[in-house]
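Following: one structure in C-alpha cells, then a few remarks.
Every number in this text was worked out from the coordinates using simple rules, so none of it is lab data. Only a predicted model underlies this, so the values are computations on that prediction, with no experimental measurement involved. For neighbour counting, all protein chains shown are included, and Cβ atoms are generated from backbone atoms with ideal geometry for every residue, glycine included.
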Amino acid sequence: MSLTVGQIVGGHYEVTARLGGGGFGETYLSQDLHLPDRPIRVIKRLSPHIQEASVLQLSRRLFETEAQVLYRLGTHPQIPQLFAHFEELSEFYLVQEYIDGKDLSYELPRGKIWEQFTVADLLQSLLTVLSFVHQNNVIHRDIKPENIIRRRDGQLFLIDFGVVKQIVTPTAVLAAQADTGYTVGIGTPGYMPSEQAHGEPKFASDIYAIGMIGIQALTGISPNHLAKDDNLEILWRASAPKVYPEFADILSKMVRFDFRQRYPSAEHVYREIAEFVNRYPVSKVNHSLPTVLMSAENYQRQNSYSRDPEEPIRDRQAQTSQAQDKERIWRHFQPWHIGLGIVTLGAIVITALILTFGYSHKPSNPNNPDLSPESSEPSEPSPAPTLSSNASSSLPILIKEFSINGSKDAIYGVSISPDSRILAGASSERIIELWDLQTSKKLQTLKGHTGRVYDIQYSPDGKRLVSASDDRTVIIWDVATGKLLNKLKGHQERVYTAIFSPDGKTIASSSGDRTIRFWNAETGKLINVLSETSWVYDVSFTPDGKFLISGSKDGAIRLWNVETGKAIKTLVETGSSVRSIVYSNDGKTIASAMEDNTIRLWDGKTGQFKDLLTGHTGEVHTIAFSSDDRLLASGSADKTVRIWYLKEKRAPQVLSQHERGVSSVEFSEDRKLLISGSLDGKVKIWKIAN
C-alpha cells in the first residue's frame, strides 16, 4: 500500500508527493519536520517481495550493509547524499538528498543528435563519478538516462544504485549463500551487457552502459533499436558518420560484447577521451549546461576557467597551447626532418627572389576606378598593398584597408550599406566610423556609447544604423547626419548583437543578461523580452521576419516566434558555444559559427543538421552568406577568413592577411566585395571573383 500525502514516516519525514514506483519500491518527496527550514528530502521505500522470517532477516542485514555503502558514496559531489535509513513495519526506508532537475532521458529524445564534443564532456563527467564508485568496490548495475539527473545548475548526478535492489529481492538466501552477493541480473535492456544479464556484473558492465548512452546521444537511436553483427557487436557508426574515428573507436571499445575487450577501468576511458579532446583545439567551455535559467553569479563561478568575460572574442594563442604544441612537435621529430627543412628553406628563398624581381607592383583592379586606392591624408585610412594583376582571377583580391584611430582600436563589427557605398566599423574605443568606399574618405564618427561597440548593422533602406555595446545599450543612428536617434536601455549586461528585421520596423538585441529583446525601430519602445538559459551571442531573423534564431554560450540554438515571443523549436540543447548564427537569404539554411572551430549547417525549414565545415584552427567568431547564398564567409580566432563555396562544394579559399583574430565579416549586396574586421584594428576590403 502506497504512502499518502501528509503521512509521517521515520518520526519526522512528512510525505508531500509521490514521485514514482516500480518492482523494487516507491519514491516520494518529503520534508524534514525536525529542521527549521523543512528541507526537501527524497524517501525511497523498499518492500521485500518475500515476507518469510529468514528472508526478512537477510534483507535487514543487506539493508544495513548497503546503507553504509550509500553513506560512503554520498560523499561524492555527483551522488545524492544519504541522510538517514530506518525500518518501519518490515519495510525499509532511505532518506536522500533531493536533486532539483530532470533526468537525462529528457535530453535524449528519439532522433535528437548531440555534437560529439558535447558527448565527450558528458562521458567525462559520468566517468569521473563512476571511477569513485568503482574505487569503493561498488558496481552501479543500472546506469541509464533515467538514473542520471542534471541539476538546474548543470551538474550531473548518478542515482538509483542497483545494490539497493538486492534488499528487495535477496535471492541468494534461497541457496543459503547470503554472503556471496547478488547473482540475478539487475539492469535495463539496452544498457545492460550480456554478462550482467546472466547475473555476473563486472566493473566493465558500467562502462558498457555509459558507452551506450554516448552512442545514443550521437545517433539519436535508442540502444534497443541498434543492430548487431554476427559477433554481437553494436552496429552504430553508420548512423553517426560525422563522428571523428578516434572518438568512435573509444565508444566501440566501451561497448564490446566481451567484457574482457573493454577498458579495464573508468580512468582508462577518461584518459583516452581527454586525449581525443585535447587533440582538437576546442574551447574550454562548459558544454554540459542545461537549458534552464541560472543566476549570472552561479554561471560565472562555474566557468571561472574560461575567457575573460570582458572580452567577447579572443586570439587563439595561449601559453598552455604553445607548450602543448612544442611538446607535440618534439615528440614526432625525426633526423630526416633537418634535410627537409633545408630544402624547404631554399625553395622559400628562391620564390621570394622571383616575386621581388620578376613581378611589377601594379594596381590590382585598374579597370574599376571607383574602388582603386587613392592617396589620402595621414589621418584618413590608407590603402593596403594590392596583389599582382597576374594573380588568379578565382582568388579574392585585397584592394583596400581601413583602420580606426591608427590601428590602435580593435574592430568588433563591420557593416556595408545596401548600396555598397558606405562602410561602417565599430571599435573597442566606443566609436563607430563611416567611410566612403569610393573615395576612401571618412564621412562620420559616431559617438554615444560609453563602452566597446560589439555589433553594427544597416537598416534595409540604408538610412539608419543600429549598434550594440558593452555599456548595455542599443543605439539607432541616422546615417546621413550621424545623429543619435534613440538609445535603447533595458539590458542588464553587455549587448552582443543588434539587428533590424527584414522590414526595418523591429530591432532584435541579444545580451549577456540571458535575454533577447524586441524594440520598435521607430519609437525605441520595448516590445517583448525573451528569456534564454545563457548569454545570447547572436540572433538572426528569417527572411520573412516571422521567426528568429538564437545562438548562446551554453550551445543552445533555438527558434522563436517573433509575434508571440515563444520558443517553437530547439535545434540544440547544449554544446559548444555558438558565436554567430545566421539565416541564408532564401531561408533554406541556417549557419552557426562554433567555438569548437567548426561551422554547422542546418535545414532552415526542419531544423535538422545538414553539414559540418571544418578547417579553422581557432574559434569561429563570425559568418555571413552572400546575397545569392552561393558563398559563406567565416572569420576565426586563427586570424583567417575562409570563403566556402556551398553550391559547388569546392575547397574553401583562405585569406590570412589579418594579424589577429577576425571578429566580423560581411558581403556587399552586389556580391562584389567582402569586408572583414579584426582585433588587429584593420578592416580589409576584398574583391570577390565572378
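A few points about this structure:
- Near the amide H of Val572, within less than 5 Å, lie the amide hydrogens of Ile557, all on another chain or at least 5 residues away, with H placed in the peptide plane.
- Prolate/oblate/rounded call for segment 402-559, Cα gyration tensor, a/c under 1.5 rounded: prolate
- Long-range amide H partners of Leu3 with built H, under 5 Å: none
- Here the Karplus curve 6.51 cos²θ - 1.76 cosθ + 1.60, taken at θ = phi - 60°, turns the phi angles of segment 463-480 into couplings of 8, 10, 9, 10, 9, 10, 9, 7, 7, 6, 10, 10, 10, 9, 10, 8, 5, 5 Hz, with x standing for Gly and Pro.
- Gap separating the Cα centres of segment 550-620 and segment 480-508, nearest whole Å: 22
- A full extension of the chain between Leu19 and Lys447 corresponds to an added length of 148.3 nm, given 0.36 nm per residue minus the alpha carbon distance.
- Least to most buried among Thr589, Thr445 (fewest other Cβ within 10 Å first): Thr445, Thr589
- Sequentially through segment 582-589, phi angles give Karplus couplings (6.51, -1.76, 1.60; θ = phi - 60°) of 8, 7, 5, 5, 8, x, 8, 9 Hz, Gly and Pro residues having no value and appearing as x.
- Amide H contacts for Leu485 (H built 1.01 Å from N in the peptide plane; partners 5 or more residues away or on another chain; cut-off under 5 Å): Ile476, Trp477, Asp478.
- 19 Å Cα-Cα reach of Lys647 towards lysines, excluding residues that sit fewer than 8 places from it in its own chain: Lys588, Lys605, Lys610, Lys672
- For segment 3-162, the convex hull drawn through the C-alpha positions has a volume of 129 cubic angstrom per residue.
- Reach of Lys228 by Cα under 23 Å, taken over lysines that are not fewer than 8 positions away in the same chain: Lys112, Lys144, Lys202, Lys242, Lys253
- Sequence-distant lysines (8 or more away, or on other chains) whose Cα lies within less than 23 Å of Lys489: Lys447, Lys463, Lys505, Lys525, Lys553, Lys566
- Footprinting exposure proxy for His616, His76, His225 (fewest neighbouring C-beta atoms within 10 Å first): His225, His76, His616
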